[in-house]
1. So, of the residues in the range 24-39 that are small (Gly, Ala, Ser) and part of a loop (DSSP other than H, G, I, E, B), which turns out to be farthest from LEU108 (Cα to Cα)?
2. What number of residues in the range 120-144 are aliphatic (A, V, I, L, M) and more than 15 Å from LEU93 (Cα to Cα)?
3. When ASP61 is evaluated against the numbered criteria (1) crowded, with 16+ Cβ neighbours inside 10 Å; (2) in a helix (DSSP H, G or I), which criterion, by number, is the only one it fails?
4. List the helices (runs of 4 or more DSSP H) that sit entirely inside the range 102-189 and contain at least 1 residues that are hydroxyl-bearing (Ser, Thr, Tyr), free of Cβ contacts under 8 Å to residues at least 60 places away in the same chain and out of contact with any strand residue (DSSP E or B) (no Cβ under 7 Å at 6 or more places or on another chain).
5. On the basis of being under 19 Å from the mean Cα position of the chain (by Cα) and at pLDDT 95 or above, does SER170 make the cut?
6. How many residues are within 18 Å of ASP61 (Cβ to Cβ), surrounded by 23 or more Cβ atoms within 10 Å (Cβ to Cβ) and in contact (Cβ under 8 Å) with a residue 24 or more places away in the chain if we restrict to the range 32-50?
7. Does the range 211-218 contain at least one residue that is at pLDDT 85 or above and of a type in the set (A, V, I, L, M)?
8. Name, by its number, the condition in (1) assigned to a loop (DSSP other than H, G, I, E, B); (2) over 29 Å from ALA18 (Cβ atoms) that does not hold for LEU93.
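The values are calculated or read from the model by the stated rules, or taken from the named source; none is laboratory data. Everything quoted here is computed from the prediction, not taken from an experiment. All Cβ positions, even for glycine, are placed from backbone atoms using ideal geometry, and neighbour counts span all protein chains on display.
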Amino acid sequence: MPTITEEVRRAPRRDAAANREALLAAASATLNEHPDAGLEAIASAAGLSRRAVYGHFAGRDELIAALIASGATRLNDIAATLDHPHTPTAIALLGARLWHAVEHVQLLAAMAVREPHVDQVAAALAPVRERVGELVARGIDEGALRGDTNPQTLARLIERAAIAVLLEASVTRIDDAEGHRLVMLSVLGTAGLGWREAGALIDAAPELAYRPAPATAGATTAAAPADAETDEESRA
């Protein structure tokens, strides 16, 4: 059984982990709304003091770097586990899965044009771009995708078509089901399918059907911050 001393030592570490998660969640939400938001706004959104932020991150750039790494890991995992023998379906499926990781995509898209994060975002997303390029090259070889441009250019256009829908969603508040379908229509249209053909493909493929996430009792979208004062001086 742990001694009282051991319990006291463990408590700040648990608080440190909770505070760090709260900061990352708050930073993601805040920067998606206001990409130039400072540490004061992020700390306030997390329910922590600005001083507490420095217990976990050396500054704003280090905090954003941690968010980029986390978001890129999520998106690269999506790309790595995705495949389908029918290439247009695979591309639509990638778009749909990116839609459900919309918060990560929006943040990375915003940071991709801001120094000093441009190179980090490009490197972090390299596996996703490689996978899109592989699918596009395969689809062109099969005659399933448009062949009037080179694969690298088409892959970039498909990526940007998906991101455009995701960014638009943050402005117009597209609902989940509509966004799920719209991002697939956008990437398929860019890939060379007509809108009727793309719609018919989406309707016919069970893999592309919209399935709302199940509600979880008591679930929250962000980690609740622990008492800020217990961890202001220590780094998790």
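1. Selected residue: GLY38.
2. 9
3. Status for ASP61: all satisfied but (1).
4. 151-172
5. Spelling it out, it is not the case that SER170 is under 19 Å from the mean Cα position of the chain (by Cα) and at pLDDT 95 or above.
6. The qualifying residues number 1.
7. no
8. (1)
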